[in-house]
Amino acid sequence: MAATYVAGGDMEYGRYDNPTWRAFEDALGDLEGGRCLSFSSGLAAVATILDLVGLGEKVVAPRHAYNGSVMQLADLEARDRVKTHLVDITDTEAVVAACEDASLVWLESPTNPAMEVADIETITRAAHEAGAYVVVDNTFATPMLQRPLEWDVDLVLHSATKYIGGHSDLLMGAIITRDDQLHGVLKGRRDLVGAIPGAFEAWLALRGLRTLPLRMERAQANAEELVRRLRERPDLTEVRYPGFGGMIAIVLPNGDLADLVQHATKLWVYATSLGGVESTLERRRRWKSEPTTIPEGLIRLSVGIEDVEDLWEDLVQALDSVPH
Ligand SMILES: Cc1ncc(COP(=O)(O)O)c(C=O)c1O
């Protein structure tokens, strides 16, 4: 918990380094297959990367990425700092074409909350041919299910607030890279701006990491079973699930019905955020910042590690309680 250290050692001051960050960064770096830097939140990590884009340069990004990331890009564009080119990341050909002249290609896969999946390997190859860096926000998949550095991606980003911490009790972000030069630049930015996590948060996140495989395994098994059953319900317009992970999006015919459902559950917690041991749900369009291409009736489900029959029973009573 120290803010400073006895001078002359390898850790001078608490904004530059901390032994608990190091333990966390070593562990997450090993899991992703690179060197990790931790940040005060996922969005602090996003801002640190976007800060590296040169004035007026082009960033290719998903139209449905986490709305905080999209909002940061919109803010930079409004201030003439960068040019943003939003793409449908499932349209590989269009993304590859957009890579031309880009300096950064931002991917999130699966996307929050549209649940779209990108062909990361093909897009990364095209981006590199165009001389652009590639970032993958790996928050939904975690390194248990997807390791983008193995596809030659330059930077992997996490909101460690989600599955990495896993208990909805801390905010943290992380960036992982195999590129020592990028690591040095990002560490330099973090030192300068001070977007650092608290030691206690890093300790909690490290404790959370110990059960990441077990939590992911259970959340995914629960999600697969729920998806199988949800797909049999005619009252749902759509059930979106990429085939892996613990996140599901269901679409009801309109926003009013979705509002009723999100308030009708007893076990599922009506709350934003995701990736905790407890299941949460929310209608995403309740946020004014959510892109209008996200259906009004879309509810994002973050499946936790509870008993799947309890989760199903509660979801069914909530869905059955609204008019059809
Ligand atoms: C995919 C994704 N990336 C980044 C963030 C931002 O992370 P934080 O809330 O830790 O700043 C979130 C938060 O919901 C997210 O879902």
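Worth pointing out:
- Of all residues in segment 1-53, those being open to solvent by 40 Å² or more (accessible area, probe 1.4 Å), hydroxyl-bearing (Ser, Thr, Tyr) and either modelled with pLDDT under 95 or more than 15 Å from the ligand (Cβ to nearest atom) (or both) number 4.
Rundown of residues vs (1) open to solvent by less than 50 Å² (accessible area, probe 1.4 Å); (2) within 16 Å of the ligand (Cβ to nearest atom); (3) assigned to a loop (DSSP other than H, G, I, E, B), yes/no style:
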residue: Leu55; (1), (2), (3): no, no, yes
residue: Val59; (1), (2), (3): yes, yes, no
residue: Ala65; (1), (2), (3): yes, yes, yes
residue: Gly68; (1), (2), (3): yes, yes, no
residue: Met71; (1), (2), (3): no, yes, no
residue: Glu77; (1), (2), (3): no, no, no
residue: Thr84; (1), (2), (3): yes, no, no
residue: Ile89; (1), (2), (3): yes, yes, yes
residue: Val95; (1), (2), (3): yes, no, no
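- Scanning segment 179-191 turns up no residue that is at pLDDT 95 or above, open to solvent by 70 Å² or more (accessible area, probe 1.4 Å) and within 10 Å of the ligand (Cβ to nearest atom).
- Ala141 vs. criteria of a type in the set (Gly, Ala, Ser), open to solvent by less than 10 Å² (accessible area, probe 1.4 Å), over 30 Å from Arg285 (Cα atoms) and at pLDDT 95 or above: no
- Members of segment 97-107 that are open to solvent by 10 Å² or more (accessible area, probe 1.4 Å) and assigned to a helix (DSSP H, G or I): Ala97
- Any hit, segment 245-253, residues being within 20 Å of Tyr66 (Cβ to Cβ) and more than 15 Å from the ligand (Cβ to nearest atom): yes
- Helices (runs of 4 or more DSSP H) wholly inside segment 197-312 that include at least 3 residues being in contact with a strand residue (DSSP E or B) (Cβ under 7 Å, 6 or more places away or on another chain), open to solvent by less than 50 Å² (accessible area, probe 1.4 Å) and not polar (S, T, N, Q): 212-230, 255-264
The values are calculated or read from the model by the stated rules, or taken from the named source; none is laboratory data. This structure is a prediction, so every number in the text was calculated from the model and none was measured. With ideal geometry, Cβ positions are generated from the backbone for all residues, glycine too; neighbour counts draw on all protein chains shown. Surface accessibility is based on the protein's heavy atoms, side chains included, excluding ligands, DNA and RNA. Shrake-Rupley method; radii C 1.70, N 1.55, O 1.52, S 1.80 Å.
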